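Colleague: The structure follows.
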Amino acid sequence: MKPMRIFLIGGTGFIGRAIAERLLADGYTLRLCVRDPARQPALAGVEYVKGDFNIQITDEANESAWRDRLAGCDAVINAVGIIRESKDATFERLHYEGPLALFRAARSLKIRRLIQISALGADEHAETKYHLSKRKADEALRRLIPSAVILRPSLVIGPGGKSTKLLALLATLPLLPLPGGGRFLLQPLRIEDLAAGVSSLIARWPSRGVTVDVAGPEVVTMAQILQSFRRNAGFAAAYLIGIPMSWMRAVARWGTGIVNEETLQMLERGNTGDARPFERLTGLTMRSALALPAGTLYEAALSVIRPMLRYSIAFVWIWTAIVTAFLYEPAISMSWLKQSGVPDGLLVLFLYGSCLFDLVLGLMLFSRYRRISYGFQLAAVAFYTLVIAFRIPELLLHPLGPISKNIPLLVLTAVGWLFDGDDSSDRRRPER
C-alpha cells in the first residue's frame, strides 16, 4: 500500500523537525515546505517545495500557489510559530494571514486531515498578541475545515528547543533568580510525545474535528521544574531568589528580548491544561518532562563557560600587548629579552614584534579562527615558559609567580582549544 504523503510547513523548527522525524520513522512520506529547498539535505521519503507564509502577494495568487504545493498530499500539518515579533515576521502574518491561505487551499482540494499546531492559552481568555493571533487562525480553520484537529501544546521540552536551552541554563546556576519566586504553574511535555501524537492522529483520524490541549502529566511551578532538572542531573538543590513582579513589570515595559510585557503576561497566566483528551485521541500516555536528556545541563553550562573562557584569555593577550608596548618600562623588558638570548640589534624588533603577535592572538579569539589562535597560544606560552625557565631561572622563584602562572594558562588554553575551538557556530547553518 502506498504510504500517505503529508505536507508539513514549519518542519525546520524545533517542533516541526521532531514531527518530521517521527513521521518518517513511522513510514510516511513528506513534502516539506521551506524557504530554500536547495539548502536542504537529500533524505529518503522527503520532497522539498519552496514556500513561505511571509510572502506578500494577493490573496488569490497566494491561495493558488498553496494549491500547487498541496497537490497530491493526503494530510497537512502547520507547525509554524514565533514567540516574538520582528520587523520581517509578525504574529498577524505568520500565525493568521499565511495559514489562512493554506487552509483555503486545503479546503479547495478537499483535504480533510489538517493539523494546526496552536498554543495552550489561545482560547476565549487569550489576551496577548501571540495567543490572539493563534486563536484567530484556529477559529478560521474550524469554519473552513470542520474535520481539522487543533493541538494546543503547553511548554515543550526537548533537545534544540529555545525554552529548553533557557531553562537548562537557569538550572545550572546555584542561585536561581526567578520572577515571583518561580511560583507560576506550568505543565511541560516532552517533544517526543507531541511528535508521536501527531503521527498517531494521522493514522487514527477522529470522526469529527477537535481542539485539544497537549500537556504533560504533572502541574508544577517553574522552580520545581528547575530543581528537578538539577536533581536528575546529579546537581545539589539550588537556592531560590524571588524577583518581585513589580521589578519584572518595570523591566518588561522597556524589554524587546525574552523579558517583555507579552511574555510576562503569559507567565503570570500560567500554562496548564487537561492532557486526557489528547491521550484518548492518540492512544498515548504522556510521560514526565521533568528530566532533561543526559548531558543537557552540562552543555548549557559550557555554553556560558566557553565565551567567558574565550574573552578572559583574549583579555590576557591584548592587555599584555598594551602594557608591554605602552605602559611598562621598555628597558626592563629588553633586559629580559637580552637574558633570553636575543641579540642587541634585534631587541626593539623582538619587543614590539611580540606585542603585535600577542595582540593578534587575542583579537583572533573574536573570529572564526579561534582554534588556530588557541594552537599558537599553546605553542607560544610553552616556548616562553621553557626559554625563561632556563635563561632567567630566578623568575621561577618570584613571589608573584610570573612563570608558574603559565601552567594554569596552558591548561585553560588547552580547554579552550578542545571545547571552544569549533568555529561552526560562527557560520550560518543551513536549515534542516
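Colleague: Rounded, prolate or oblate: pick one for region 49-124, where a ≥ b ≥ c are the square roots of the eigenvalues of its C-alpha gyration tensor, a/c under 1.5 means rounded, and failing that, prolate if a/b is larger than b/c, else oblate.
Modeller: Values: a/c = 2.09, a/b = 1.28, b/c = 1.63.
Judged from the Cα gyration tensor, region 49-124 comes out oblate (a/c at least 1.5, b/c at or above a/b).
Colleague: Continuing with the same structure: To the nearest 20 Debye, how big is the dipole of region 211-304 about its Cα centre, given +1 on the beta carbon of each Lys and Arg and -1 on that of each Asp and Glu?
Modeller: On the way: 8 positive and 8 negative charges, 34 e Å.
Here region 211-304 has a charge dipole of around 160 debye.
Colleague: Using all alpha carbons of region 157-283, what is the percent of pairwise distances in each 5 Å bin, ordered from the shortest bin to the longest?
Modeller: 2, 10, 16, 19, 18, 14, 10, 7, 4, 1, 0
Colleague: Which loop trypsin sites (Lys or Arg not before Pro) in region 61-98, with loop taken from DSSP, have no more than 16 other Cβ atoms within 10 angstrom of their Cβ?
Modeller: Within region 61-98, the qualifying trypsin sites (Lys or Arg not before Pro) (loop, at most 16 other Cβ atoms within 10 Å) are ARG84, LYS87.
Colleague: To continue, here is another question. With a Förster radius of 30 Å, plug the Cβ-Cβ distance of ARG249 and SER288 into 1/(1 + (r/R0)^6) and report the FRET value to the nearest 0.05. Mind dumping the intermediate values first?
Modeller: Working: r = 32 Å, r/R0 = 1.08.
Plugging the Cβ-Cβ distance into 1/(1 + (r/R0)^6) gives 0.40.
Colleague: Which of the lysines could a cross-linker bridge to LYS338, judged by Cα under 25 Å and excluding same-chain residues fewer than eight apart?
Modeller: Filter leaves LYS405.
Colleague: From the residues SER373, VAL149, LEU94, which one has its Cα farthest along the dipole of the chain in the positive direction, the dipole being from +1 and -1 charges on Cβ of Lys/Arg and Asp/Glu about the Cα centre?
Modeller: VAL149
Colleague: Please compute the length gained on full extension between ARG368 and ASN260, using 0.36 nm multiplied by the number of residues separating them and subtracting their Cα-Cα distance.
Modeller: Working: separation 108, 0.36 × 108 = 38.88 nm, distance 3.24 nm.
Value of the extension gain: 35.6 nm.
Colleague: Per residue of the chain, what 222 nm ellipticity follows from adding -39500 (n - 2.57) for every DSSP H run with n ≥ 4, rounded to the nearest 500?
Modeller: Values: 15 runs with 202 residues, N = 432.
Only helices count here, giving -15000 deg cm²/dmol.
Colleague: On to the next question. Suppose R0 equals 51 Å. What FRET efficiency, 1/(1 + (r/R0)^6) with r the Cβ-Cβ distance, do PHE383 and ASP52 give to the nearest 0.05?
Modeller: Working: r = 54 Å, r/R0 = 1.06.
So the FRET efficiency works out to roughly 0.40.
Colleague: How high is the FRET efficiency from ALA140 to PHE315, r the C-beta distance, R0 56 Å, rounded to 0.05?
Modeller: Numbers: r = 55 Å, r/R0 = 0.98.
Taking R0 as 56 Å, the efficiency between ALA140 and PHE315 is 0.55.
Colleague: Taking square-rooted eigenvalues a ≥ b ≥ c of the alpha carbon gyration tensor, is region 25-162 rounded, prolate or oblate, where a/c under 1.5 means rounded and, failing that, a/b exceeding b/c means prolate?
Modeller: Verdict is rounded for region 25-162.
Colleague: What relative contact order, as a whole-number percentage, does the chain give when Cα pairs under 8 Å and 6 or more residues apart are counted? The partial results should precede the final answer.
Modeller: Working: 674 pairs, mean separation 55.2, N = 432.
Worked out over the chain, it gives 13 percent.
Colleague: P(r) tail for the chain, what percent of Cα pairs lie past 36 Å? Walk me through the numbers on the way to the answer.
Modeller: Details: 40867 of 93096 pairs.
For the chain, the share of Cα pairs beyond 36 Å comes to 44 percent.
Colleague: OK, next. Tell me, MET334, MET248, MET222 in order of fewest to most beta-carbon neighbours within 10 Å? Let's see the in-between values first.
Modeller: Details: MET334 16, MET248 19, MET222 23.
So the residues, fewest neighbours to most, are MET334, MET248, MET222.
Colleague: A follow-up question, please. Once you charge only the Cβ atoms, +1 for Lys and Arg and -1 for Asp and Glu, what is the size of the charge dipole of the chain about its Cα centre, to the nearest 20 debye? If you can, show how the numbers build up before the last one.
Modeller: Numbers: 51 positive and 38 negative charges, 212 e Å.
Value, rounded to 20: 1020 debye.
Colleague: What does the extension gain come out to for TYR328 and ALA203, with contour length at 0.36 nm per residue minus their alpha carbon separation? Show your work: numbers first, answer last.
Modeller: Working: separation 125, 0.36 × 125 = 45.00 nm, distance 7.53 nm.
Net length gain for the segment: 37.5 nm.
Colleague: Now, a different point. Most exposed first by the Cβ proxy, i.e. fewest other Cβ within 10 Å, how do LYS50, LYS129 rank? Write down the numbers at each step before the final one.
Modeller: Details: LYS50 13, LYS129 16.
Going from sparsest to densest Cβ surroundings: LYS50, LYS129.
Colleague: Return VAL381, VAL76, VAL149 ranked ascending by Cβ neighbour count within 10 Å, so the fewest neighbours appear first. Write down the numbers at each step before the final one.
Modeller: On the way: VAL381 17, VAL76 27, VAL149 23.
Ascending number of Cβ neighbours within 10 Å: VAL381, VAL149, VAL76.
Colleague: If you don't mind, there's one more thing I want to ask. What is the sum of charges, Lys and Arg at +1 and Asp and Glu at -1, for the other residues whose Cβ falls under 14 Å from the Cβ of ILE191?
Modeller: On the way: positive: ARG17, ARG22, LYS162, LYS165, ARG190, ARG287; negative: GLU21, GLU192, ASP193.
Value of the local net charge: +3.
Colleague: Anything over 24 Å Cα to Cα? Flag those among LYS87/LYS134; LYS87/LYS136; LYS50/LYS165; LYS129/LYS162; LYS110/LYS162, in the order listed.
Modeller: Long pairs (Cα-Cα over 24 Å): LYS50/LYS165; LYS110/LYS162.
Colleague: Evaluate the relative contact order of region 1-71 (contact order divided by residue number), counting alpha-carbon pairs under 8 angstrom at least 6 apart; express in whole percent. It would help to have the intermediate numbers written out before the result.
Modeller: On the way: 78 pairs, mean separation 18.1, N = 71.
Computed over region 1-71, the figure is 26 percent.
No lab work stands behind these numbers, since they all come straight from the coordinates. Computed from a predicted model, the values in this text were never measured in an experiment. In this analysis, Cβ positions are derived from the backbone assuming ideal geometry, glycine residues included, and neighbour counts consider all displayed protein chains.
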